[in-house]
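Only one structure is covered here, and it is reproduced in the block below.
The values are calculated or read from the model by the stated rules, or taken from the named source; none is laboratory data. Since the model is a prediction, treat every value here as computed from it, not as a measurement. Here the Cβ positions follow ideal geometry from the backbone for every residue, glycine too, while neighbour counts run over all protein chains shown. With ligands, DNA and RNA removed, areas are computed over all heavy atoms of the protein, side chains included. Shrake-Rupley method; radii C 1.70, N 1.55, O 1.52, S 1.80 Å.
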Amino acid sequence: MTVLILGGTSEARALAAKLQGAGVDAVTSLAGAVGGTSAPPGRLRVGGFGGASRLVAYLEAESIRAVVDATHPFAARMSANAAQACAAAGVPLLRLSRPSWRARPDAASWHWVADLEAARVAAERLGQRVFLSVGRQSVAPFLCWTDRYVLLRVVEPPDEPLPPAWELLRARGPYALSGDRTLLAGRRIDVLVTKDAGGTATAAKLDAAAELGVAVVVVERPADPAGVPLACTVGEALDWVLGH
Ligand code: NAP
């Protein structure tokens, strides 16, 4: 049997390694938007499928017997396409998504917003100097901030030119509390703007913000497609695959 892992996350990579260790044939699919990552273990394919109907054709052509959607919590289009295609092709689908940050004790003190535009409006009320940690594809709504200091931390730089007052920091997690504390304190950050990516690899900025009294604006996750079973850990996803 062949398993398709929809990837782009550390969890997808870890699952690919575990399946390889268990002797299960798996192929990881990457969108290909971010370069510089080493290939995940096992087989790899790169690039969009061309929508849900083409994904159905791919599942059939490659004799895929199960799909694990281990894409980022904010990759809503891919998750919706996977749900539609797997339902049409009769292929079991599991959503592997790291736990939300909502369960953190400090989450109640954050400013939760529905989208990036609302995050911009909220941050403008909360301070002048911003740590923007939303990913390279989500920078556009903030580019009107030409009069404020913005520390933008991204794996790969965005396509858009950045205002001169912004500082671009290229880095890849996981991040340590000591480093993020130094970053927020050293840049005299007033507001952290982030998405509810969840998990531990990028959570140090939240701990640093709590320590330093920095305001936090968090964009809520899109809902996962209805009716798709959910796993929060790689171990749970491995058990699900082996159970098929
Ligand atoms: P998206 O908006 O849900 O997807 C846009 C399109 O990209 C999809 O319709 C699909 O194209 C293609 N695609 C996405 N993930 C793919 C995959 N794993 N394999 C093949 N095609 C894929 O996704 P996104 O937010 O642009 O994210 C793109 C990738 O980056 C995802 O794999 C995600 O795991 C990763 N990522 C996203 C974020 C984030 O904040 N959104 C953060 C870190 C990593 P077709 O319709 O042509 O099939």
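Values as computed for the structure displayed
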item	result
Separation between Cα centres of the stretch 138-171 and the stretch 181-244, rounded to whole Å	20
Per-pair calculated FRET efficiency, R0 = 45 Å: residue 103 and residue 57 via Cβ, rounded to 0.05	0.70
Average accessible surface area per residue within the chain, 1.4 Å rolling probe, Å²	46
Per principal axis, descending, Cα span of the chain in whole Å	54, 33, 32
Cα-derived Rg over Rh, computed across the stretch 109-208 with Rh taken as Kirkwood radius	0.91
Listed residue (206, 217, 166) projecting farthest to the positive dipole end of the stretch 101-219, Cβ model	206
Added length on full extension, which subtracts the Cα-Cα distance from 0.36 nm per residue, residue 178 to residue 220	12.5 nm
For the stretch 118-237: relative contact order, % (alpha-carbon pairs under 8 angstrom, 6 or more apart)	26
Lys/Arg +1, Asp/Glu -1 at C-beta; the chain dipole; positive extreme among 151, 40, 4	151
Nearest-20 debye value, the chain charge dipole, Cβ charges on Lys, Arg, Asp, Glu	300
Given charges at beta-carbon only (K, R positive; D, E negative), |dipole| of the stretch 101-219 in Debye	220
Cα centre as origin, Lys/Arg/Asp/Glu Cβ charges: the stretch 30-128 dipole, Debye	180
Residue-averaged [θ]222 nm for the chain, counting only DSSP H segments that reach four residues, each worth -39500 (n - 2.57)	-9000 deg cm²/dmol
Computed E for residue 187/residue 25 - FRET, C-beta separation, R0 35 angstrom, nearest 0.05	0.15
10 Å-binned pair-distance histogram of the stretch 67-146 (Cα, whole percent)	14, 35, 29, 17, 5, 0
Ordering of 14-24, 105-115 by burial proxy (mean other Cβ atoms within 10 Å per residue, highest first)	14-24, 105-115
Within the stretch 59-83: backbone nitrogen closer than 13 Å to the residue 46 label point (7 Å, Cα to C-beta)	none
Relative compactness, the stretch 197-239, computed as alpha-carbon Rg over 2.2 N^0.38 Å	1.60
